[in-house]
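Student: For reference, the structure I am asking about is given below.
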Number of protein chains: 2
Amino acid sequence: MPARRTPPTMADVAELAGVSPMTVSRAFKPNSPVKEETRRKIRAAAESLGYVLDSTAAGLSSRRTGFIAATIPSINNANFADTLRGLTEGLAETGMQILLGYTDYDLVEEERLIEQLLRRRPEAVVITGSAHSERCRRLLANAGVPVIEIWDQPQDPLGAVVGFSNARAAALMADHLVEQGYRKIGFIGGDSSRDTRGLDRQRGFLKALRDFGLSDERVLTYGLPPITMAQGARALEALLARWPDTEAVMCVSDLSAFGALSACQRSGLRVPEDIAIAGFGAYDIAEHANPAITTIDVGAREIGTQAAALLVTFLEERESDVPSVIEIEPTLLARASTLRRP
Amino acid sequence: MPARRTPPTMADVAELAGVSPMTVSRAFKPNSPVKEETRRKIRAAAESLGYVLDSTAAGLSSRRTGFIAATIPSINNANFADTLRGLTEGLAETGMQILLGYTDYDLVEEERLIEQLLRRRPEAVVITGSAHSERCRRLLANAGVPVIEIWDQPQDPLGAVVGFSNARAAALMADHLVEQGYRKIGFIGGDSSRDTRGLDRQRGFLKALRDFGLSDERVLTYGLPPITMAQGARALEALLARWPDTEAVMCVSDLSAFGALSACQRSGLRVPEDIAIAGFGAYDIAEHANPAITTIDVGAREIGTQAAALLVTFLEERESDVPSVIEIEPTLLARASTLRRP
DNA sequence: CTTGCTTGTGTTATCGATAACATATAGGAT
DNA sequence: ATCCTATATGTTATCGATAACACAAGCAAG
């Protein structure tokens, strides 16, 4: 079977099966009135020609592309990958295909990306984060399709929301550390405004410290978000160089927390006896580190699942106008890296 | 600006700008003869209407969809994410969009996925792995577009290849362990045939052991691939329960190696003094673990970069018929987890 | 036996853009 | 002044499928 120049079309299948193209079209859709025998004949003809439906043409004609556009800041991030997995699995039965884009934590890139994605006429858009350029907001509003913002709690939502408060989630960790008796508490994060969720965590954490009457000055930012294990390690060293008596540190993510933990161990500090380390995100690594790292589980997978469920109702009922806000409840996972044993 | 029912079309922009739709079409393509003033007028009209090009229609008409289909086994895998990043960045300048699918290490799912992707009429297909169902091979052959298999070295390539020999890569590790003086060497991997690359590693590793005249019996498979940190930990415990005098273990991936390392440390074993642990894949975690884990860098990012470069030539020259095979050279990263200090 | 509904199939128009061809204008070469 | 070429724009047909409508046949209900 030689590779052909142009793939066979529905008309080719129709001719071979001795029916009209319209019947072929129907034969490929479930729940359309086609005699079982005709359908078999068409299926056989299609298979023998190696026919594959052209969704491009189908989408143009039916005005339903079967695409859901989704943006995430980065591929190399287990949290967003989990969300994506929840989304993918939740949409599997609908036959919708996810059109994915990476913003690299950059609003300008996000705007470019959204425009590129909208060109494909997705039937809905799932967008990570709540900070968008003005033009990006306008593009989304004009697109006339449901929009779901995830992983955040926007002041001014574009449509539906499946998210949580990064500030409150981080405050949970402050509560925990204070409750464990730590008083000289620091924070490690990235050093630009790109990662707004990271900044929200920092803000929420420091605010909670202040509310406890504690100092909020032990903040060390290092590297472009999302910060890596290596950067977490260096940040911890720098933080201890400046404030050697620090008792506990929260890191903006589990990856940087793991780096910080490694740095402690290399310099002979015991965790948590000499210094407590906490992370964020409930990555696998936090669970399997020695000691296991206290972290916040933000329900990354569930965000995807809930967004998918919301999409299913939107697509079924065409009721994109009712903005709904689903709040995910982050939970603290207290582990050895911060627990004081009396 | 209210959300409209149906988005504006090129004809709407044309009317507002006082030109023909064709001119609008040209105004959006670079290197087409349009007066600068006209172009500005059209751009302004488009912006004021919130016009976004419909790639669906464009693709149908021009027979160039701007899609590259790509499949990877899993999202939650830093290696494949790296490959994807290389691919994305390498294709960025071309304006091609990646249409991504996850096979979940399953050939049946792969076939389903490939058919779904081919419906979108991608201009090329990048597919991870070399094992495919018969129908999948036929679909790809019939599609009439360049196909690149990555991350492997197929016996019978579908088209171009950017990969490496998993067996030889694993043999590198056997060489290293033997060279370090270990003799009672084990292997930890997943326990099904789904992950063919993992199996290739196992095969190559055991073969190398035999070639050194060593026993190849210390193999423990545990859990569905890709195996997790937790499974790596349990596998190590099981392996030591059965062969307590094991001196060194290679794990099919760095994640399971990290789990194994943690398991050792929990049970008071010193690494590498009591037992050496090695991984595969050069994940971040291997570098930052304590001790750092010896691993194999397979050049995941480079696989993506090279595949992108190949695609660029294919798309420019329309020379998909010349199958090229690019071999990536895996390298051993010798680290503390296996190094004997005399 | 007629009416009305369901099932199965065909016909025509259309989705939104672009390729291919056609035309007009401006400037340069001869 | 004439021809030629490059630039700038318009016209027509078409990409491959599906929506909407039309129609035939079969069967049930009245």
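Student: Label point 7 Å out from A:Ser193 along Cα-to-Cβ: which residues of the range A:39-83 have amide N under 20 Å?
Tutor: Flagged as within label range: A:73.
Student: Further question on the same structure: Rounded to two decimals, what ratio of Rg to Rh does the range B:1-120 give with C-alpha atoms and a Kirkwood Rh? Each step should come with its number before you reach the end.
Tutor: Numbers: Rg = 19.0 Å, Rh = 17.2 Å.
Rg/Rh: 1.11.
Student: Could you give the length gained by full extension between A:Leu107 and A:Arg270, i.e. 0.36 nm per residue of separation minus their alpha carbon distance, to one decimal place? Show your work: numbers first, answer last.
Tutor: Numbers: separation 163, 0.36 × 163 = 58.68 nm, distance 4.05 nm.
Result for the pair: 54.6 nm of gain on full extension.
Student: What relative contact order, as a whole-number percentage, does chain A give when Cα pairs under 8 Å and 6 or more residues apart are counted? Write down the numbers at each step before the final one.
Tutor: Details: 655 pairs, mean separation 53.9, N = 342.
Dividing the mean separation by the residue count of chain A yields 16 percent.
Student: Follow-up. Hey, got the dipole for the protein assembly as shown? About the Cα centre, +1 on K and R Cβ, -1 on D and E Cβ, debye to the nearest 20?
Tutor: Values: 76 positive and 88 negative charges, 200 e Å.
Computed about the Cα centre, the dipole is about 960 debye.
Student: Still on this structure, I have one more. Can you tell me the mean projection area, over all orientations, of the convex hull of the range B:1-68's alpha carbons? Units nm², please. Don't skip to the end; give the middle numbers.
Tutor: Numbers: hull surface 21.7 nm².
Taking a quarter of the hull surface, the average projection is 5.4 nm².
Student: Which far-off residues, 5 or more places away or on another chain, put their amide H under 5 Å from the one on A:Leu333, with H placed in the peptide plane?
Tutor: A:Thr295, A:Ile296, A:Asp297
Student: Moving on to the next point. Where the label is 7 Å out from Cα toward Cβ, how close does B:Glu327 come to the same position in every other copy, in nm, shortest first?
Tutor: 6.0
Student: Springs between alpha-carbon atoms under 10 Å, Gaussian network over chain B: tell me which of B:Asp156, B:Asp274, B:Asp104 tops the mean-square fluctuations.
Tutor: Comparing B:Asp156, B:Asp274, B:Asp104 in the GNM, the peak value goes to B:Asp156.
Student: If the viscosity is 0.692 mPa s and the temperature 37 °C, what Stokes-Einstein diffusion coefficient in µm²/s follows for the range B:118-237 when Rh is the Kirkwood radius over Cα pairs? Display every interim value, and only then the final one.
Tutor: Working: Rh = 16.2 Å.
Value of D from the Cα-based Kirkwood radius: 202 µm²/s.
Student: Which residues does a label at B:Ser61 reach in the range A:43-70, if reach means a backbone N under 17 Å from a point 7 Å past the Cα toward the Cβ?
Tutor: Hits in the range A:43-70 for B:Ser61 at 17 Å: A:56-63.
Student: Would the range B:179-265 count as rounded, prolate or oblate if I go by the C-alpha gyration tensor, calling it rounded below 1.5 in a/c and otherwise prolate when a/b exceeds b/c, oblate otherwise? Walk me through the numbers before you get to the answer.
Tutor: Working: a/c = 1.84, a/b = 1.15, b/c = 1.60.
It comes out oblate by the Cα gyration axes.
Student: In sequence order, what are the phi-derived ³J(HN,Hα) couplings for the range A:55-70 according to the Karplus relation 6.51 cos²θ - 1.76 cosθ + 1.60 with θ = phi - 60°, rounded to whole Hz, with x for glycine and proline?
Tutor: Using θ = phi - 60°, the values come out as 5, 4, 5, 4, x, 5, 6, 8, 6, 9, 7, x, 9, 10, 7, 9 Hz.
Student: Continuing with the same structure: Would you please state which residues of the range A:183-219 a label at A:Val325 would reach in this model, taking the label point 7 Å out along Cα→Cβ and a backbone N cut-off of under 19 Å?
Tutor: A:197, A:200-201, A:204
Student: Which value, in Å to one decimal place, does the Kirkwood hydrodynamic radius take for the range A:184-342 when every pair of different Cα atoms is included?
Tutor: Details: mean 1/r = 0.0599 Å⁻¹.
Hydrodynamic radius (Kirkwood, Cα pairs) of the range A:184-342 is 16.7 Å.
Student: Compute the whole-percent fraction of alpha carbon pairs in the range A:89-183 spaced more than 20 Å apart. Write down the numbers at each step before the final one.
Tutor: Details: 2049 of 4465 pairs.
Here the long-distance tail beyond 20 Å is 46 percent of all Cα pairs in the range A:89-183.
Student: Determine the gain in length on full extension of the stretch A:Arg135-A:Arg340; use 0.36 nm per residue of separation and subtract their C-alpha separation, reporting nm with one decimal. Write down the numbers at each step before the final one.
Tutor: Values: separation 205, 0.36 × 205 = 73.80 nm, distance 5.02 nm.
Net length gain for the segment: 68.8 nm.
Student: Shifting gears a bit: List the residues, sorted by chain then number, that are 5 or more residues from B:Ile98 or on another chain and whose placed amide H is less than 5 Å from its amide H.
Tutor: For B:Ile98, whose amide H was placed from the backbone, the distant partners under 5 Å are B:Ile68.
Student: What are the chymotrypsin sites (Phe, Trp or Tyr not before Pro) within the range A:195-273 that DSSP puts in a loop, where the Cβ has at most 16 other Cβ atoms within 10 Å? Walk me through the numbers before you get to the answer.
Tutor: Working: sites: A:Phe205, A:Phe212, A:Tyr222, A:Phe258; in loops: A:Phe212, A:Tyr222.
Qualifying residues, ordered by number: A:Phe212.
Student: Based on alpha-carbon positions alone, could you give the equivalent ellipsoid semi-axes of chain B from the gyration tensor, as √(5λ), descending, whole Å? Please list the in-between numbers first.
Tutor: Values: eigenvalues 506, 83, 58 Å².
They are 50, 20, 17 Å, listed largest first.
Student: Turning to a different aspect of this structure: How about the range A:230-333: which trypsin sites (Lys or Arg not before Pro) there lie in a loop by DSSP and see at most 14 other Cβ atoms within 10 Å? Mind showing how you got there, number by number?
Tutor: Values: sites: A:Arg234, A:Arg242, A:Arg266, A:Arg270, A:Arg301, A:Arg318; in loops: A:Arg270, A:Arg318.
Of the trypsin sites (Lys or Arg not before Pro), the ones in loops of the range A:230-333 whose Cβ has at most 14 other Cβ atoms within 10 Å are A:Arg270, A:Arg318.
Student: Also: Highest GNM mean-square fluctuation, chain B, Cα pairs closer than 10 Å: which of B:Thr331, B:Thr294, B:Thr128?
Tutor: The residue with the greatest mean-square fluctuation here is B:Thr331.
Student: Which lysines does B:Lys41 reach when only Cα atoms under 23 Å apart count, and residues fewer than 8 places away in its own chain are ignored?
Tutor: The qualifying lysines are B:Lys29.
Student: Let me ask something else about it. Going by amide H atoms built from the backbone, whose H comes under 5 Å of the H on B:Ala276, apart from near neighbours?
Tutor: Those qualifying (amide H under 5 Å, at least 5 residues apart or on another chain) are B:Ala248, B:Val249.
Student: Turning to a different aspect of this structure: So if a site counts as exposed when it's one of the GluC sites (Glu not before Pro), its DSSP state isn't H, G, I, E or B, and it has at most 14 other Cβ atoms within 10 Å, what's the longest stretch of chain A without one?
Tutor: Values: sites that count: A:Glu217, A:Glu273, A:Glu319.
It runs A:1-216.
Student: Given the convex hull of the Cα atoms of the range B:129-170, what is a quarter of its surface area in nm²?
Tutor: Values: hull surface 11.6 nm².
Value for the range B:129-170: 2.9 nm².
Student: Please turn the phi angles of the range B:213-227 into ³J(HN,Hα) values with the Karplus equation 6.51 cos²θ - 1.76 cosθ + 1.60 (θ = phi - 60°), one per residue in order, whole Hz, x for glycine and proline.
Tutor: Coupling constants for the range B:213-227: x, 9, 6, 10, 8, 7, 10, 10, 9, 8, x, 6, x, x, 7 Hz.
Student: Note down the net charge around B:Ala230, summing +1 for each Lys or Arg and -1 for each Asp or Glu among other residues with Cβ under 13 Å from its Cβ.
Tutor: Here the count lands on -1.
Student: Return the ratio Rg/(2.2 N^0.38 Å) for the protein assembly as shown, where Rg is computed over Cα atoms only. The partial results should precede the final answer.
Tutor: Details: Rg = 27.3 Å, N = 684, 2.2 N^0.38 = 26.3 Å.
With N residues counted in the protein assembly as shown, Rg over 2.2 N^0.38 Å equals 1.04.
Student: Quick one: compute the contact order of the range A:200-283, relative version, from alpha carbon pairs under 8 angstrom and 6+ residues apart, as a percent.
Tutor: Values: 107 pairs, mean separation 23.0, N = 84.
Across the range A:200-283, relative contact order equals 27 percent.
Student: Along the range A:8-20, what does the Karplus equation 6.51 cos²θ - 1.76 cosθ + 1.60 (θ = phi - 60°) give for ³J(HN,Hα), rounded to whole Hz, x for Gly and Pro?
Tutor: Listing the rounded values in order: x, 10, 4, 4, 4, 4, 4, 4, 4, 8, x, 9, 8 Hz.
Student: Return the single residue from B:Gly204, B:Gly59, B:Gly259 with maximal mean-square fluctuation; model: Gaussian network over chain B, springs between Cα atoms under 10 Å.
Tutor: Most flexible of the set in this elastic network: B:Gly59.
Student: Could you pull out every one of the lysines with an alpha carbon less than 19 Å from that of B:Lys207, ignoring same-chain neighbours closer than 8 positions?
Tutor: Cα-Cα hits under 19 Å: B:Lys184.
Student: Dipole size in debye (nearest 20) for the range B:40-118 around its Cα centre, Lys and Arg Cβ +1, Asp and Glu Cβ -1? List each step's numbers first, then the result.
Tutor: On the way: 7 positive and 11 negative charges, 152 e Å.
Dipole about the Cα centre, nearest 20: 740 debye.
Any read-out appearing in this document is the output of simple, stated calculations on the displayed coordinates, not a laboratory observation. What you see is a predicted model; the values in this text were computed from it and never measured. Counting neighbours? That spans all protein chains shown, and the Cβs are built from the backbone with ideal geometry, glycine included.
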